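No lab work stands behind these numbers, since they all come straight from the coordinates. On a predicted model such as this, the values are computed, not experimentally measured, just so you know. Reconstructed Cβ throughout: ideal geometry from the backbone, glycine too, with neighbour counts over all protein chains shown.
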Amino acid sequence: MKRLSILLLLLCSATATYAKPKPLKKLTVTVDAAGFERKNPIASLDMNVYEFDGKTISVKQITDSGTEPCTSQIEDYDGKKTLYWRINGNMEADATLSFVVEITPEQPLSEPVMQAKIEKEGTIVLTRKGTPILAYNTRMSRLPHGVDPAYSRNGYIHPAWSPSGYILTDVSPEDHAHHYGFWNPWTSVDYDGEHYDLWNIGDKTGTVLLDSVVRTSAGDLFADLLVTHKHIIFQKQQERTYVNVDNIVTITPKKRVTILNELLDVRAWDNGEGIFVWDFISDQAPATDLPVVLSAYRYGGFCWRANPEFDNDNVRMLSSEGKGRKEIDATKARWIVTTADTEQGAKSVLMMSYPENHAYPEPLRVWDSGKVMVNYAPSKFEDWTMEPGQNYRLKYRVVTSDREITATEAERLWTEFACPVKVTVK
């Protein structure tokens, strides 16, 4: 049964209804690699049919010599409970493993591996064992002297780091003051008979801003932050004329109108490897009873502006379709990896698109020379209409590394994201 969640600002979300939960007893579940070779895959199990009163749940792998504990974590939000756990090591493509899920005695509290820390200036930083992964900015950005205040915004990710602490993002560079690390505005928007641009915010026709921080969570397997954004247009109103002793002044006032409500979940995982892995999951829904048309345009949507050290002479790119930097723009790809040979060694950023995304595999906008910008642009080739009363999800995964990510590794990491292992309760 579907219902509108007031808490999520009328974002449409599907919420399943269940019979009365039954007490959780020891469960035996199997995990099937589903035809793909795996490395430290994440498994998940819907727990809504079980009652466990917030008690600690453990997952153990059944081995020939007994059982081995797995890192696990329960997500309990908006009426839905999901158990996640990490399977350590490699799985062959035809492998099937068995696990025990059960309530365990209360354990002494310890510092979670994955945390979401709110800094004093309001920035939310996701960390692994105290090492920062990314920072989500809640305050309006500070701009260089002389830059139009219209370019200021919040609700973006910067810095995003590699595991060694190298900053991979840039904000408000001189050539594009409206670029903000990792961010996701729409460029070409038609609403109520008028055209707006929420990407080039210096044009002063629209912007995207943080509305509220819904929650943060921490645990040994993942940490995340859940926030709401408002996608805003500045709608022209009727001209007004003012007369004073010196002259006649005509102005056109503007009205701020929210046309899209967005629920954004940014989640970082401890996948047991020497890389950072985090998801960017955006749910967007029209905020009024009018449709929002994302008219075809060459860029717009989820985007990364790289550290300025990523430049023409030291960068190479590769897409899932085998294309390099000079060929990628205006092609479609499941994933794209960018590697730069910096003064601190090779640094890679892998961006992945999810199979259920609109226009999948999504078109890309990539600068083919100079500085680096990589953008998944689902409305690049054709209009995309967002209808009132509907929810539209876009899901991406980002991997950052202090070494080059090869095509083979990128394909494996995309498979883990797009084609998870199959879990069955015996």
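For 315, 398, the sequence from fewest to most other C-beta atoms within 10 Å is 315, 398. Estimated from the Cβ-Cβ distance and a Förster radius of 35 angstrom, the FRET efficiency linking residue 77 and residue 240 is about 0.15. When the GluC sites (Glu not before Pro) in the stretch 273-346 are filtered for DSSP coil states and for at most 10 other beta-carbon atoms within 10 Å of their beta-carbon, the remaining sites are 343. Of the GluC sites (Glu not before Pro) in the stretch 369-426, the ones in a loop by DSSP (not H, G, I, E or B) with at most 11 other beta carbons within 10 Å are 382. The Cα center of the stretch 36-53 and the Cα center of the stretch 188-252 differ in position by 39 Å.
Placing pseudo-labels 7 Å out from each Cα toward the beta carbon at residue 387 and residue 56 gives an inter-label distance of 4.9 nm.
Model label points for residue 150 and residue 119, set 7 angstrom from Cα along the Cα-to-Cβ axis, are 2.9 nm apart.
Between 0 and 90 degrees, the angle of helix 407-418 with respect to the longest Cα principal axis of the chain falls at about 90 degrees. Rounded to the nearest 500, the 222 nm mean residue ellipticity of the chain from helices alone is -1000 deg cm²/dmol, with -39,500 (n - 2.57) taken per DSSP H run of at least 4 residues. The ellipsoid that matches the Cα gyration tensor of the chain has semi-axes, each √(5λ) in whole angstrom, of 40, 26, 20, with the longest given first. A full extension of the chain between residue 341 and residue 93 corresponds to an added length of 85.9 nm, given 0.36 nm per residue minus the alpha carbon distance. Straightening the chain between residue 63 and residue 142 buys 22.9 nm, computed as 0.36 nm per residue apart minus the Cα-Cα spacing.
Could you identify which residue out of 298, 38, 215 has the top mean-square fluctuation in a GNM of the chain using Cα springs shorter than 10 Å? Of 298, 38, 215, the most mobile in the Gaussian network model is 215. By the compact-protein rule of thumb, 2.2 N^0.38 Å, the alpha-carbon radius of gyration of the stretch 38-184 corresponds to a ratio of 1.43. Note on residue 107 and residue 213: the model spin-label points, each 7 Å out from Cα along the C-beta direction, lie 2.7 nm apart. In the elastic network of the chain, a GNM with C-alpha springs shorter than 10 Å, the most mobile of 340, 306, 95 is 95.
Beyond 17 Å, the tail of the calculated P(r) for the stretch 53-116 holds 52 percent of the Cα pairs. Residue order for 60, 129, fewest other beta carbons within 10 angstrom first, comes to 129, 60.
You can think of it this way: the chain between residue 369 and residue 164 has 71.1 nm of extra reach, that is 0.36 nm per residue less the Cα-Cα gap.
If you run the Gaussian network model on the chain, springs between alpha carbon atoms under 10 Å, then out of 237, 390, 115 the most flexible one is 237. Sparsely packed loop sites in the stretch 34-109 (the GluC sites (Glu not before Pro) outside DSSP H, G, I, E and B with at most 12 other Cβ atoms within 10 Å) comprise 92, 106.
Considering Cα pairs under 8 angstrom that are at least six residues apart, work out the relative contact order of the chain and quote it in whole percent. Once divided by the residue count of the chain, the mean separation gives 15 percent.
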